[in-house]
Amino acid sequence: MKVGIIGSGGREHAICSALKRSKKVDKIYCFPGNAGTKLIAENIDIEIDNFNSLKDFIKLNHIDIVIVGPEKPLVNGVVDYLSAHNINVFGPNRISSQLEGSKIFTKKLCKKYNIPTAGFGIFESEKEAANFMNNCKFPIVVKADVLAAGKGVYICDNKQQSMEAIKEIFSGKFGDTKVVLIEEFLKGEEMSFFIISDGENFKKFGTAQDHKRVFEGDKGKNTGGMGAYSPSRLENNDLDYKILNKIINPTLKGLKELGTDFVGFLYAGLMIVENEPYLIEYNVRMGDPECQTILPKLKTDFIEIIEACLNKNLGSIEIDWYNDKCLCVVLCSKGYPDKFENNVEIRNLNKLDLNTNEFIYHAGTKSINGKVFSNGGRVMNFSVRSKEFKNSRERALELINKVNWENGFFRKDIGYKVID
Ligand code: AMP
Ligand code: GLY
């Protein structure tokens, strides 16, 4: 079977690597991929928003199944577009992808179906928002209703900070937007909860905890993710039951009542407050770097799960997992998430000897004449599966330290809540 993957991050390399383990998969294409995917797939230089060229290539090369990694093409309707050309594509359609594409869409769904989430208001002008703030309790959370990779979110301790945030949003810092969302601040611990769905049935696809802040101790600016571990320390059966019944099931029912369904990975970003789940956000894809901690634990053939979803037959499949822990440390370019340099060579990668429970997933890398160069803020992921988070982290750090890269930095404290 031929499989295509849209995307070029660590998540997509992890997906390629899971497919590579399948006996059913003969050939993998990656659009556009990175220096890591190039070792196991054929990288095709087509950008992820060029739906027409993607379609032409997929048709010409008779690719059997296409898997979409990142949110942007999903929100822009790549699944609708490719499906309309009779391509077998795994991911949610444009309407379902609004769960990630529009925070307001999700908030309205929460309200209608009584899904626990932070209290909120939607404001169309600075003045309206300012009036609201005369009587509200701080801190509050101010959000732009756009896809901004976590960056359009401000946690504000007073009215002045909030007004600055609102000004930035209305001035178009995150793109054109006519509204801001103001939310109650929830104090608890975050957890990423994943399901995979075929539109009729769904199964849990693990939990994880990522570290979004750039510096150790969860300090500094938000990033795409500096590392993660799976499972979350908060996971328990009682909480699972609440998440499924109070959040996931009503959401899927809500989409059905809108005349659509959800096929793909759904990632609920939750705040757990005293063992009660609150929805902070939905993402309509696997998390990155969470995916790099979940797929290494998967025993079942990944493509069989995807095929079952596309055949609306997920109920017939058992998903088996290693009963292990997995932890991932992200190696970044110095300066990230602000300015950083690209095109710096990364040496010694071929000197690393990996065991079968150890994975290096590339993200922002490119390969030129057999050499690997940096090509982004988050550059590589070091994931290790083992019985203990502590062992996984030690080995991940040992591997990173063997890489000879003067322009890199990473957090040494990933998983501190479950280790130290
Ligand atoms: P979002 O892009 O909505 O996931 O927000 C990014 C991050 O901001 C989340 O991962 C949380 O750490 C934080 N956050 C967002 N909304 C809230 C909230 N209502 N209460 C507390 N923290 C929040
Ligand atoms: N790790 C956060 C995300 O994938 O959105």
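Each value in this text was obtained by applying a stated rule to the coordinates, not by laboratory testing. Note that this is a predicted model, so its numbers are computed, not measured. Every residue, glycine as well, gets a Cβ built from its backbone with ideal geometry; the counts of neighbours run over all protein chains shown.
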For this session: Give the Debye-formula value of log10 I(q)/I(0) at each listed q (0.12, 0.13, 0.14 Å⁻¹), with one equal scatterer per alpha carbon of the stretch 1-111, two decimals each.
Result: -0.41, -0.47, -0.54
For this session: In whole Hz, with x marking every Gly and Pro, tabulate ³J(HN,Hα) for the stretch 274-282 from phi via Karplus 6.51 cos²θ - 1.76 cosθ + 1.60, θ = phi - 60°.
Result: 6, 6, 10, x, 10, 7, 8, 7, 10
For this session: Mind listing the long-range amide H neighbours of residue 227? Cut-off is under 5 Å, sequence gap 5 or more, other chains count too, H placed in the peptide plane at 1.01 Å from N.
Result: 211, 330
Exercise. For the chain, what log10 I(q)/I(0) values come out of the Debye formula at q = 0.08, 0.13 1/Å, with one point per alpha carbon and no solvent?
Worked result: -0.42, -1.19
Problem set entry | For the stretch 339-351, Karplus couplings with θ = phi - 60° (6.51, -1.76, 1.60), whole Hz, Gly/Pro x | 6, 8, 8, 9, 6, 9, 5, 10, 9, 6, 4, 6, 8
For this session: Would you mind ranking 190, 304 so that the residue whose beta carbon has the fewest other beta carbons within 10 Å leads the list?
Result: 304, 190
Problem set entry | Over the stretch 264-391 - Rg/Rh using Cα atoms and the Kirkwood inverse-distance radius | 1.03
Exercise. Just for the chain, what percent of DSSP beta bridges are antiparallel, to the closest 5?
Worked result: 80 percent
Problem set entry | Additional length obtainable on full extension of the chain from residue 45 to residue 187, 0.36 nm per residue less Cα span | 46.7 nm
Problem set entry | Förster radius 35 Å - calculated FRET efficiency between residue 26 and residue 398 (Cβ-Cβ, nearest 0.05) | 0.50
Problem set entry | Length gained when the stretch residue 137-residue 409 is fully extended (0.36 nm per residue, less Cα-Cα span) | 94.1 nm
Seminar exercise, completed: Given a Förster distance of 45 Å, the FRET efficiency implied by the Cβ-Cβ spacing of residue 167 and residue 244, rounded to the nearest 0.05, works out to 0.65
Exercise. Exposure proxy check: 13, 362, 62, 85 ranked by fewest other beta carbons within 10 Å?
Worked result: 62, 85, 362, 13
For this session: Please go through the stretch 373-420 and write out the GluC sites (Glu not before Pro) that DSSP classes as loop and that have at most 11 other C-beta atoms within 10 Å.
Result: 406
Seminar exercise, completed: the stretch 137-282: Kirkwood hydrodynamic radius (Cα pairs, Å) comes out at 16.9 Å
Exercise. Using the Cα gyration tensor of the stretch 261-339, with a ≥ b ≥ c the square roots of its eigenvalues, what is the shape: rounded (a/c below 1.5), prolate (a/b larger than b/c) or oblate (neither)?
Worked result: prolate
Problem set entry | Ratio Rg/Rh [Cα only; Rh per Kirkwood] for the stretch 239-280 | 1.01
Problem set entry | Centre separation in Å (Cα based) which lies between the stretch 146-217 and the stretch 300-339 | 22 Å
Seminar exercise, completed: So the FRET efficiency between residue 155 and residue 342, C-beta based with R0 = 41 Å and rounded to 0.05, is 0.85
For this session: For residue 316 and residue 253, calculate 0.36 nm times their separation in residues minus their Cα-Cα distance, and state this gained length in nm to one decimal.
Result: 20.5 nm
Exercise. In whole Å, what three semi-axes, largest first, describe the equivalent ellipsoid of the stretch 317-418 built from its Cα gyration tensor (square root of 5 times each eigenvalue)?
Worked result: 25, 16, 13
Problem set entry | Packing rank of 26-39, 339-352, where each peptide gets the mean count of other beta carbons within 10 Å, highest leading | 26-39, 339-352
Exercise. Given only helices, namely DSSP H runs of n ≥ 4 each adding -39500 (n - 2.57), what is the per-residue ellipticity at 222 nm of the chain, to the nearest 500 deg cm²/dmol?
Worked result: -7000 deg cm²/dmol
For this session: For each of 263, 273, count neighbouring Cβ atoms within 10 Å of the residue's Cβ, then give the residues from fewest to most.
Result: 273, 263
For this session: Between beta-carbons, use under 12 Å as the cut-off and find the net charge around residue 215, counting Lys and Arg +1, Asp and Glu -1.
Result: +3
For this session: Kindly state, as a whole number, the per residue volume in cubic angstrom of the convex hull around the alpha carbon atoms of the stretch 46-194.
Result: 135 Å³
For this session: Give, as a single signed number, the net charge of other residues whose beta carbon lies under 11 Å from the beta carbon of residue 334, with Lys and Arg counted +1 and Asp and Glu -1.
Result: -2
